[in-house]
1. Suppose we keep only residues that are assigned to a strand (DSSP E or B) and farther than 20 Å from Glu61 by Cβ within region 31-50. Which one would you say is modelled with the lowest pLDDT?
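The values are calculated or read from the model by the stated rules, or taken from the named source; none is laboratory data. Quick caveat: nothing in here was measured; it's all calculated off a predicted structure. Here the Cβ positions follow ideal geometry from the backbone for every residue, glycine too, while neighbour counts run over all protein chains shown.
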Amino acid sequence: MYKSILVPIDLAHSDIGQAMIKRAVVLLDDNAKITLLHVIGDIPAYAQSYLPEGQQQRNLEETQIALQSVADSAGVEADVVVRYGSPSPVILDEADERHIDLIIIASHHPGIKDYLMGSTASRVVRHANCSVLINR
């Protein structure tokens, strides 16, 4: 079993996140830890100047509350982390920093765009230093 599991969650699809959390709970060892992660896409520098002051911080706080709500509704105690950036590098960095044993990540059936550019899940699978479980 695993001592630390990272579950990246897209809050636009929290129902899928719930299923991944349930799967993580089954795979946890005693005294293990689940970390839920949501990555907010970077806002281009030219657009940041048009945002009201403090808007990025408010976005971060609101997202943390929403992610904590997902954990609460799943009935699990989890670390809740929200970061700005590109999803796959942020997920990989968070996994390395927290010494994660397993990443459980959602994936959809690939379309032509994914074959040309690659999906977040496929980049995580290729570059992770730990096991990765794909949830379809």
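1. Our first condition is that a residue be assigned to a strand (DSSP E or B); within region 31-50, this holds for 31-40.
Within this subset, residues satisfying the condition of being farther than 20 Å from Glu61 by Cβ are 31-34.
Numbers: Asn31: 89, Ala32: 92, Lys33: 95, Ile34: 97.
Ranking the candidates gives Asn31 first.
Table: residues versus (1) under 11 Å from Pro8 (Cα atoms); (2) among the polar types (S, T, N, Q).
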position: Ile34; (1), (2): yes, no
position: Ile40; (1), (2): no, no
position: Ile43; (1), (2): no, no
position: Glu61; (1), (2): no, no
position: Gln64; (1), (2): no, yes
position: Leu67; (1), (2): yes, no
position: Ser73; (1), (2): no, yes
position: Glu77; (1), (2): no, no
position: Val80; (1), (2): yes, no
